[in-house]
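Undergrad: Starting off with a structure, shown below.
The values are calculated or read from the model by the stated rules, or taken from the named source; none is laboratory data. Bear in mind that the values here come from a model prediction, so they are computed numbers and not experimental data. Cβ coordinates were reconstructed from backbone atoms using ideal geometry, including for glycine residues, and neighbour counts include every protein chain displayed.
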Amino acid sequence: MLDWLLAPLQYEFMVRGLLAAVMVGIVCAVLGTYVVLRGMAFFGDAVAHAVLPGLAVAYLIGGGPEGPLFWGGLVAGVGTAMGIGAISRGGHLKEDTAIGVIFAGMFALGVALISTTRNFTVDLTHFLFGNVLGVSAADLRLTAVFGALVLLLIVAFYKEFLVISFDPVLATILRLPTQFFRYLLLVMIAVTIVIALQTVGVALTVAMLVTPAAAASLLSRRLPVMMATAAAIGAFSGVAGLYLSYYVNVASGPAIVLVCTAIFLLAFLLAPSRGLIWHRAVR
Amino acid sequence: MRRSEPHERSAPVVRLSNVTVRYNSGESALEGVSFELAPGERVAVVGANGAGKSTLLKVIAGILPPATGTVDVYGHGAGGHICIGYVPQRSQVDWNFPVTVSEVVLMGRVARMGLFRHAGRRDWQIVHDSLAQVDMQGLAKRQIGELSGGQQQRVFIARALAQEAEVLLMDEPLTGLDVPSQEAIFAILDALRVRRMTVLVSTHDLHLAAERFDRLMLLKRRLLGFGTPAEVLTAGNLRLAYGTQMTVIEAPEGALAFGDTCCEGEEEGHNHA
């Protein structure tokens, strides 16, 4: 058993991949509690997809996967998040309509840009579904720095985010700068998505944000507990997914997401007092 | 620490002068509303669905800006008064949210705690005292969705107390409660009256409005009447306020009104300008 666990660790890329998956799993899951509580899953998915043209431009300029992908993604992600925030704030379009328009348009632009390269399908696959085993030491550092920053902001503004999410009316009466915190949260989501991209890719990042937090919401009644539970689920999924990928030989990003999804389904069926089976048994 | 606007103690607690509020469509939600509230009085806001009851509370709370006219709280413009406690309609709250009763009450302290500070012993003491005043200290650790409707209302009153509110605005707090739960809330409001808390309650229950409040306010976008039940609930006013929702029969012993003026969820779908 120990050999089974240690065997993959002889490869440096596996160690880096595991570290990245654990960090991404934790940061996505903790921030994801707000995504779930505030009903922002569609927004998260949209920002993840809208990052693609930023990645593509960085890729084309940088001349390959060693280019400044992170920064290209960051610019596109934060820009999209602010753009959606501004359009839906105007009140003439519903938020999900604004998201739908921007998301599809940006994603199409990204695919179009990448289609101009020769390695079209390989490159696109990495962007879409992640390439956690290709994480470099520099990538790992960026992930650690920005992940820590997001967690720090969540702790520092804990009570403000809590009030704004639970009761925006009270937040307004108490003169909290609600718009500032709303935009800050959008930017934090965008940053988190960008650090998650290399692990699970554009198409699956939303799962890292939403699924562990959704499972945790079935298992906890207090926000700090929900955050800790989600973080544990996210980190475990990252590790278990990579081992699955190593031994069963499936793509790493989808393997991580499938572990998350399996945990969610277990919680959905078995959660004390909220799970499906509990309800059946009580009836 | 965030300072509230100064208070002029000689000024009315709340004063609206010719206030008009419009929806995004340009249609008015309130039109030319003027009145004053005195310290410690308990006022009911009544009117048909869509009459602007919730809008009126939000304008006073400073959440909605008036299109024209002025709103003053203790002589200074609305907004910036953390002395206003607001109890939202039950349908506006996410009861599955993972917070406990005492955490909801603690939210009332947020502005007084200040940035980057966590709740201290004094804050938790205030939370405890506020819950004791509404007789909810035994359920402090429950998740808010586990409470009954009346208990939920009491938690939000406790939050206003923790906020050190001097004006309490309550949006349909009595809707859907059984009589004992309603009585529990009135018992708390009686205790608050002793402390000179000014209370404005929107309700569709004309009977309770007439029996249990000092004055009542009849709205249909405009203020149709503001005074004692006998002054406000006249046959003519009720016809104006409720139209076909209510049948008013003028009998020799006075006017008889029949009708169901319910319900919760009033004005939810509208976008305010």
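Undergrad: Among the numbered conditions (1) more than 23 Å from A:Gly83 (Cα to Cα); (2) within 21 Å of the chain's Cα centre (by Cα), tell me where A:Ala104 comes up short.
TA: A:Ala104 satisfies every listed condition except (1).
Undergrad: Here is a further query. If A:Leu176 satisfies every condition in (1) away from chain B (no Cβ under 13 Å); (2) assigned to a loop (DSSP other than H, G, I, E, B) but one, which is the exception?
TA: So the condition that A:Leu176 fails would be (1).
Undergrad: While we're looking at this one, here's another question. Has the range A:135-148 got any residue that is within 14 Å of chain B (Cβ to nearest Cβ) and closer than 14 Å to A:Leu31 by Cβ?
TA: no
Undergrad: Taking the condition within 14 Å of chain B (Cβ to nearest Cβ) and under 19 Å from the mean Cα position of the chain (by Cα), does A:Val132 pass?
TA: When the stated conditions are applied, A:Val132 does not pass them.
Undergrad: Out of all the residues in the range B:26-64, which are within 14 Å of chain A (Cβ to nearest Cβ) and either free of Cβ contacts under 8 Å to residues at least 40 places away in the same chain or under 27 Å from B:Phe186 (Cα atoms) (or both)? Don't jump to the end; show me each part of the working.
TA: First pass over the range B:26-64, keeping only residues within 14 Å of chain A (Cβ to nearest Cβ): B:26, B:54-55, B:57-64.
Across the range B:26-64, the qualifying residues are B:Ser54, B:Thr55, B:Leu57, B:Lys58, B:Val59, B:Ile60, B:Ala61, B:Gly62, B:Ile63.
Undergrad: On the basis of being crowded, with 19+ Cβ neighbours inside 10 Å and at the interface with chain A (Cβ under 9 Å from one of its Cβ atoms), does B:Glu103 make the cut?
TA: Numbers: crowded, with 19+ Cβ neighbours inside 10 Å: yes; at the interface with chain A (Cβ under 9 Å from one of its Cβ atoms): yes.
So B:Glu103 fits the description; yes.
Undergrad: Would you tally the residues in the range A:220-255 being within 14 Å of chain B (Cβ to nearest Cβ), hydrophobic (A, V, I, L, M, F, W, C) and buried (at least 20 other Cβ atoms within 10 Å of the Cβ)?
TA: Qualifying residue count for the region: 4.
Undergrad: If you take the residues in the range B:65-78 that are crowded, with 17+ Cβ neighbours inside 10 Å and within 21 Å of A:Thr178 (Cα to Cα), which one is farthest from the other protein chains (Cβ to nearest Cβ)?
TA: Top of the filtered list is B:Pro66.
Matching residues to (1) at pLDDT below 85; (2) under 30 Å from A:Phe181 (Cα atoms):
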position: A:Gly90; (1), (2): yes, yes
position: A:Ala104; (1), (2): no, yes
position: A:Thr121; (1), (2): yes, no
position: A:Leu124; (1), (2): yes, no
position: A:Phe129; (1), (2): no, no
position: A:Ala137; (1), (2): no, no
position: A:Ala144; (1), (2): no, yes
